[in-house]
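Here the structure comes first, spelled out in structure tokens, and everything after it is commentary.
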Amino acid sequence: MDFLASIDLMTWLSAAGSIFVGLFVGMLFGALPGLGLTIAITLLLPLTYTMEPLNAILMLLAVYQAAEYGGSISAIALGIPGTVMAAPIVQDGRAMAQESSPGKALGFSLYASTLGGLFGGAVLILFAQPLARFALRLGDAEFFLLGLMGLVAVTAFAARDPIKVAISICFGMIAGTIGLDMFTGLPRLSFDIPQLYEGLNLISLVVGLFAFSEAFYMMGGDMRHRYEFDTSRMKITLTVREMLSGFKASTIGAVIGTVLGILPGVGSTVAGWLAYSTAKSFSKTPAKFGNGSGEGIAAPDSANNAVVGGALLPFLTLGIPGTAGIAIIAGAFIIHGITPGPQMIRDNPELINGIFIGFMVTTVGMFVMGKLLSQGFARALVTPNFILVPGVLILSIVGVYTTRSQVFDLWLALGIGIAAYLMRRLDYSVAGFVLAFVLSPIIEISFRRALLISGDDYTVFVTRPISAVLVAVMVVMLGFTVRKLLRKRGAPAAGGAANGT
């Protein structure tokens, strides 16, 4: 209450304006197939240079929350998920839209997204302080292992080839070492280019990885393609009885989404599908799943938004981003010289309390905006690519250049964009790259400092109880990855043998 009383009206209005901008952009970009969450955060990140830290963070979190729901709009209206996370919603969302009402399907989606967001936010508020107090007891060896475990989890739970994900992570780690060595002050991988002494410019990196590469990807398709559908029935309509019928599935999704959000590298993609299958197994009418079930919409949508609060928990308390979206949002902290972790929780309570309150306000704001404007965002789906692509490129170029007013940053973003485009074409993981880039300084500094303090004694990473547990968890994850690889390689051989018989 003291924190609330200490904030003046103008500060609240400024924060509310930032949240509104984030919600609008996030929902719009989430609804447009091909753009989505990462593009929305990437394009708004340069604006945070001139903003107050709290406003910048709340705006990007609002983008994250709204884009998770926005992806369901195109999934329901077109059968095409606006984001990867919305893929599980296509089956029942599109079926309900065709058979009864797209507005009803959007209602299940919006109510479930709001419940998931509130649940994830409540868990964040309740457990942030205890986890931060626990984190203060950890040493450099534990922080090194936590960062490493996040990257191992990205590989273990990846939907694509784990080897390609691991290679992407290695490149991200290498990119994170560019610049002056933190211990010796000597330049590394800078090729005598002064602009690289401070490392890769974060704005150039994320714009190249996501905005430029996506624009190049869209150019390879039909630039004149546009979607057509009837928007007259997109108004959200859901009775209280229908809303209650999806409550159990929403709760299941919220719990699964929050838990998986806390685990680094797992994210919404896994959470949505797991919530869908779990809700189906607990449903009284499992046969309706895939044929327009409200529970089939509610469970993954709730999980997707619950992931946001869950992923914020390890990021704010340990400095470990749980998803690629949170890794990009970390840029707002870096821009303002804020280091997430237990010290921030302890030493900057005003900022943390502001994030907590703002997160819950953002979730409620998402519900209000979704209720009022979902029909309008659906109309944006008819925008053809020949308008979207130039718009993304222009906003990206302006955002990169205005941050430091250096042409070098534009060339850097272009080079990274071409590399990211090739990565996507070859099915490498751009998300794995950016997570490794953000975690690279934490992993390197903690590793070298742990060895320096211990006198180059490598047993420091396994002798303490917490370290030993973390190592054991990583061994299990690696075992899971190896098993998945062996199964994947054994399946074609078994298929060939069956065909031969």
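The values are calculated or read from the model by the stated rules, or taken from the named source; none is laboratory data. Every value quoted in this text rests on a predicted model; they were computed, and no experiment measured them. Note that each Cβ is placed from the backbone with ideal geometry, even for glycine, and that neighbours are counted across all protein chains shown.
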**Request:** Report yes if some residue within region 362-384 is closer than 30 Å to Ala105 by Cβ, surrounded by fewer than 17 Cβ atoms within 10 Å (Cβ to Cβ), hydrophobic (A, V, I, L, M, F, W, C) and touching a Lys or Arg at 6+ places or on another chain (Cβ under 9 Å); otherwise report no.
**Result:** yes
**Message:** Go through region 187-207 and report how many residues are at negative phi and in a loop (DSSP other than H, G, I, E, B).
**Reply:** 6
**Message:** Need the failing condition index for Leu312 against (1) under 28 Å from Phe212 (Cα atoms); (2) of a type outside the set (Lys, Arg); (3) in contact with a helix residue (DSSP H, G or I) (Cβ under 8 Å, 6 or more places away or on another chain); (4) surrounded by fewer than 24 Cβ atoms within 10 Å (Cβ to Cβ), just the number.
**Reply:** (4)
**Prompt:** Does region 118-154 hold any residues that are under 30 Å from Lys484 (Cα atoms) and not small (Gly, Ala, Ser), and which are they?
**Reply:** Glu142, Phe143, Phe144, Leu145, Leu146, Leu148, Met149, Leu151, Val152, Val154
**Request:** Name, by its number, the condition in (1) modelled with pLDDT of 80 or more; (2) assigned to a loop (DSSP other than H, G, I, E, B); (3) surrounded by 24 or more Cβ atoms within 10 Å (Cβ to Cβ) that does not hold for Gly322.
**Result:** (1)
**Request:** Output the number of the condition that Thr177 fails; it satisfies all remaining conditions of (1) within 30 Å of Val473 (Cα to Cα); (2) modelled with pLDDT under 80; (3) in contact with a Pro (Cβ under 9 Å, 6 or more places away or on another chain).
**Result:** (2)
**Message:** Quick check on region 326-340: of everything there that is in contact with a helix residue (DSSP H, G or I) (Cβ under 8 Å, 6 or more places away or on another chain) and of a type outside the set (A, V, I, L, M), which residue is farthest from Ala431 (Cα to Cα)?
**Reply:** His336
**Fill in**
Of the residues in region 37-60, those that are touching a Phe, Trp or Tyr at 6+ places or on another chain (Cβ under 6 Å) and not polar (S, T, N, Q) come to Ile39, Ala40
**Selection status of Ala141, of a type in the set (A, V, I, L, M), under 27 Å from Ile357 (Cα atoms) and surrounded by 20 or more Cβ atoms within 10 Å (Cβ to Cβ)** = no
**Message:** Please return the ranges of helices (runs of 4 or more DSSP H) entirely within region 60-176 where 3 or more residues are under 18 Å from the mean Cα position of the chain (by Cα), closer than 22 Å to Ala254 by Cβ and in contact (Cβ under 8 Å) with a residue 12 or more places away in the chain.
**Reply:** 87-99, 102-135
**Prompt:** What do you reckon, is Thr42 surrounded by fewer than 24 Cβ atoms within 10 Å (Cβ to Cβ) and among the β-branched types (Val, Ile, Thr)?
**Reply:** no
**Asked** Just checking, which of Ala287, Ala306 is in a helix (DSSP H, G or I) and over 16 Å from the mean Cα position of the chain (by Cα)?
**Response** Ala287
**Asked** Taking Ile328 and the conditions (1) at pLDDT 85 or above; (2) surrounded by 24 or more Cβ atoms within 10 Å (Cβ to Cβ), which numbered condition does it fall short on, given that it satisfies the others?
**Response** (1)
**Asked** Which ones in region 347-388 are among the polar types (S, T, N, Q) and modelled with pLDDT under 80?
**Response** Ser374, Gln375, Thr383, Asn385
**Message:** Among the residues in region 37-55, are any under 27 Å from Thr11 (Cα atoms) and at pLDDT below 80?
**Reply:** yes
**Neighbours by Cβ (under 9 Å, 6+ apart or cross-chain): first from region 421-441, touching a residue at least 24 places away in the same chain (Cβ under 8 Å) and within 28 Å of Phe143 (Cβ to Cβ); second basic (Lys, Arg) and part of a helix (DSSP H, G or I)** = Tyr428/Lys164; Ser429/Lys164; Val430/Arg424; Gly432/Lys164
